[in-house]
1. Ignoring everything except DSSP H segments at least 4 long, calculate the 222 nm mean residue ellipticity for the chain; use -39,500 (n - 2.57) per segment, divide by total residues, nearest 500.
2. For the chain, build the charge dipole from Cβ charges (+1 Lys, Arg; -1 Asp, Glu) around the Cα centre, then report which of Leu71, Val89, Cys9 sits farthest towards its positive end.
3. Mind grabbing the base-10 log of I(q)/I(0) for the chain at q = 0.08, 0.10, 0.12, 0.19 Å⁻¹? Debye formula, identical points on the C-alpha positions, no solvent, two decimal places.
4. So, counting K/R as plus one and D/E as minus one, what does the shell of residues with Cβ under 13 Å around Val88 add up to?
5. Using the Cα centre as the reference, give the magnitude of the dipole from point charges on the C-beta atoms of region 4-141 (Lys, Arg: +1; Asp, Glu: -1; all else neutral), rounded to the nearest 20 debye.
6. First select every other residue whose beta carbon is under 14 angstrom from the beta carbon of Ala78; then total the charges, Lys and Arg +1, Asp and Glu -1.
Amino acid sequence: MTRADVISCTNCGKRNRLPVGAPGAPRCGFCHAPLPWIVDADASTFDSAVDSSLPVLVDFWAAWCGPCRMLSPLVEQAARDHPGRLKVVKLDVDAAPEIAARFGAQSIPLLLLLRGGHEADRLVGAVPRARLHAWLEPHLASSTTTSPA
């Protein structure tokens, strides 16, 4: 069975199971509104998680990292602010050091923006909400909403 995460719809509040990796942009099974797509990936699911037609924001973090814990809610809020336009993939670098090494994650928190599986931009360190949104906006402005998953 494919692993799935549960996301609450920002429109109707219903809980939806979303696969870690899937094509398109997810929609609520009840009201059909676009869903924020936030998934936890590990070494075995990372490649399928970042294989998306949407821009993918990868949050490289660790449980012991204070700045990571401060940035995490802002990253998740960005997904809720841009349902159907952004996918957030959270990766614990301690649980998947080979993935972190592949992307040169030498400092955390590290945010990587992937488009079509390729790095489009990166942001290192905990930043305020306004800085995160200003960094993301140019990447989202050029994205188009895709068909439902």
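Every number in this text was worked out from the coordinates using simple rules, so none of it is lab data. Model, not experiment: these values are computed from the prediction. Heads up, the Cβs are rebuilt from the backbone with ideal geometry, glycines too, and the neighbour counts pull from every protein chain shown.
1. Details: 4 runs with 40 residues, N = 149.
Result for the chain, helices only: -8000 deg cm²/dmol.
2. Selected residue: Cys9.
3. -0.19, -0.31, -0.45, -1.17
4. Working: positive: Arg80, Arg85, Lys87, Lys90; negative: Asp5, Asp40, Asp59, Glu76, Asp81.
Around Val88, the surrounding residues sum to -1.
5. 520 debye
6. On the way: positive: Arg80, Arg85, Lys87, Lys90, Arg129, Arg131; negative: Asp59, Glu76, Asp81, Asp121, Glu137.
Residues close to Ala78 contribute a combined charge of +1.
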